[in-house]
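Asks: First the structure, which I've put down as structure tokens, then a few questions once you've had a look.
Each reported figure results from applying straightforward, stated rules to the coordinates on display, with no laboratory input. On a predicted model such as this, the values are computed, not experimentally measured, just so you know. Note that we place each Cβ from the backbone using ideal geometry, even for glycine, and neighbour counts take in every protein chain shown.
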Amino acid sequence: MEEQLQKELDQAKAGTHQRQKGEEKRLQALKAQKVKRAEHMRQIRVAAVDARFEDQRREAEEEFNREKSLIQDRLAHELVERQKRSSKIEDINSIRAMTRRYHKTRGVDAAASKAVNKRELKGATQAVPLRQGEVEEDFEAMTQLAEHINPSLELGFMEIEVRARDRLRPVDAVLPKRPIDGQSGKRQRRGDFDFKGKSRAEVSGARITVWYEEEHGGRKMDVPYLGVVNSCDPREGLYVKFEDYADEMLITNEDDWRWGAHTRKPEEPKRR
């Protein structure tokens with residue numbers, strides 16, 4: 001009996017007892033079962049997190065694509081409108097710059113063609129009439145300058161043709177009409193610019209709104225452009241720097257403009 005107890009005691013100390021082996025086997029099976037259950041729960045939770053992550057990622061991508069499309073459409077529209085405004089302003093500014101250069105060139109040529117001293121100038125009582133052939137040459141020179149500045153500009157209206165027998169004939173002078181009785185004979189000279197109530201000292205740095213006729217949605221409308229006057233010329237007009245436009249533009253009496261910043265075009269005063 002004692003030997004049997006001693007043997008079981010030795011087996012218990014060595015870990016080879018049958019009851020220890022059975023309990024260890026049961027614990028291993030329980031451990032494996034719990035590990036399997038934990039792994040299953042982990043897979044379920046990971047799948048739920050992955051599904052939620054995919055939903056949020058898909059929503060983020062859809063919102064990003066939607067915002068990107070809106071930004072691209074808005075940017076394309078702004079670029080198209082800016083290109084329309086720039087092309088129109090560049091055409092007008094190019095024609096005016098061409099005219100200024102042409103007048104300067106004609107003045108230099110006229111001065112170099114004949115040197116007149118003070119006595120001859122003082123004794124001169126008549127101006128040399130301009131001949132029709134010279135007019136045709138002037139229009140050809142202006143056409144070439146215009147094509148050099150803007151090749152895509154339509155210049156058919158500047159083409160004139162003078163018969164060979166009429167090239168030396170002087171251009172008929174057009175006398176100004178006499179003023180109607182009751183009206184003042186003092187009028188604004190053709191070369192003077194109308195500053196619309198401001199003195200030349202107040203012009204520099206003043207804000208100005210200029211209206212240009214543009215076509216939107218199939219109908220024409222006057223679009224306002226805001227700018228600041230950099231300098232002025234009493235005969236040519238105002239040199240204006242517009243917002244979002246690098247070059248300086250010349251505003252003359254032919255343009256539709258008002259002092260100050262305006263979003264709507266003021267109504268013209270009714271004539272009585």
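Asks: Could you compute the net charge surrounding Ala261? Neighbours are other residues with a C-beta less than 12 Å from the C-beta of Ala261; K and R count +1, D and E count -1.
Replies: Values: positive: Arg207, Arg258, Arg264; negative: Glu243.
So the surrounding residues net to +2.
Asks: Can I ask one more? How compact is segment 197-242 by the rule of thumb for globular proteins, expressed as Cα Rg over 2.2 N^0.38 Å?
Replies: For segment 197-242, the normalised Cα radius of gyration comes out at 1.42.
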